[in-house]
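Derivation of every value follows stated rules applied to the coordinates shown; laboratory data play no part. No experiment lies behind these values; they were computed from the predicted model shown. Backbone-built Cβ (ideal geometry, glycine too); neighbour counts: all protein chains shown.
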Amino acid sequence: MIYIGCHLSVTNGYEAMGKTMLGFGGNTFAYFTRNPRGGKSKDIIPEDAAALNRLLKENRFGNTVAHGSYTMNLCASNETTRANGWEMLQKDIERMASFPDSYYNFHPGAHTGQGVEKGIELIADALNAVLTPETPNVILLETMAGKGSEVGGCFEELRAIIDRVTLSEKVGVCFDTCHTWDAGYDLVGNLDGVLQRFDDIIGLEKLYAVHFNDSKNPCGSHKDRHEKLGQGFIGMDAMKRIALHPALQNKPFILETPNDDAGYIKEIQIVNDWMKE
Ligand code: FE
Ligand code: FE
Ligand code: ZN
């Protein structure tokens, strides 16, 4: 089995997200640690955090997956942007200690002209600056579509970042199906081969979570436009094979598809039905 859920808003607090997901029929969820376009994060009230942690345990949820801000660019060439990114990472990871069973995933960054080597170095430096032996959460680098100067558009780049992190046992990967497909990995024609490649380069033990999205574009398009399950170029059959693949069992699968609540409930139901067949 896999754990299935979608992105939720933290507007009404943390425990409220757990209750919402129970109502949606899922057993994991993701949320932005702050406004996805940057800005402030929701204050964590200790009782609320404890109530969510209790709810997750009682209902046997999979690990939840917090998502860092899109504006956080740890390897920006602009020093102010980069410093802001490092500060966001520091604060987010401090706050995540209230939810030790949550992963924290973020987009590695865009090197904005400095070259991919420099980007890798800066991202790893940022992680080395904030991770301590006491950090309770596993931090996940997201696989990227490779648009513009994005770092992380191939497995080798993610491996190179992890290799430079001293506490690398605290760093893993969030496998976004839309991004990986758009990056040029053929999840439709060669799923086994792509996962074998991931295992060879990074190691499947580093794959902690999946962002479960169809794509509006063909393989290798480097676009990053998510589509509803079965309505994109990956298609329903391949999405199902991904969800049921032995190498991906027991992971949280997060829908980031363009849906309203009713759409998410429907997709969660589809995935739950696959597991019952
Ligand atoms: Fe993401
Ligand atoms: Fe994603
Ligand atoms: Zn995306």
Within the chain, helix-based [θ] at 222 nm, where runs of 4 or more DSSP H residues each add -39,500 (n - 2.57), nearest 500: -12500 deg cm²/dmol
H7's amide H: which non-local residues (gap 5+, or another chain) put their own amide H closer than 5 Å, with H modeled 1.01 Å from N in plane and none for Pro or chain starts? A30, L255
Starting from the Cα coordinates of the range 81-178, work out the convex hull volume and express it per residue in Å³. 91 Å³
Which of the aspartates and glutamates could be linked to K266 by a straight reach, that is with a Cα gap under 18 Å, when you skip same-chain ones fewer than 8 residues away? D214, E227, D237, E256, E277
Assertion target for S41, S98, S215, ordered by fewest C-beta neighbours within 10 angstrom first, is S41, S98, S215
Helix by helix through the chain, keep the DSSP H runs that span 27 Å or more along the axis on Cα and average at least 1.6 on Kyte-Doolittle, and give those back in order. none
Using alpha carbon centroids, what distance separates the range 9-46 and the range 132-163, in Å? 23 Å
Looking at the range 3-276, I'd like the Rg to Rh ratio, where Rg is from alpha-carbon atoms and Rh is Kirkwood's inverse mean 1/r. 0.94
Compute the Rg to Rh ratio over the range 29-128 from the alpha carbon atoms, using the Kirkwood formula for Rh, and round to two decimal places. 1.04
Order by neighbour count: V151, V210, V130, V271, fewest other Cβ atoms within 10 Å first, most last. V130, V271, V210, V151
Can you tell me what share of the DSSP beta bridges in the chain is antiparallel? A percent to the nearest 5 is fine. 15 percent
Give the residue from G119, I93, A50 lying farthest towards the positive end of the charge dipole for the chain; charges sit on Cβ (+1 for Lys and Arg, -1 for Asp and Glu) and the dipole is referred to the Cα centre. A50
Quick one: net charge of Y264's neighbours, Cβ under 12 Å, K/R +1, D/E -1? -2
Over the range 3-276, what relative contact order in percent results from Cα pairs under 8 Å that are six or more residues apart? 17 percent
The summed charge of the H107 Cβ neighbourhood (under 9 Å; Lys/Arg +1, Asp/Glu -1) stands at -2
Exposure proxy ranking, count of Cβ atoms within 10 Å, fewest first, for I254, I234: I234, I254
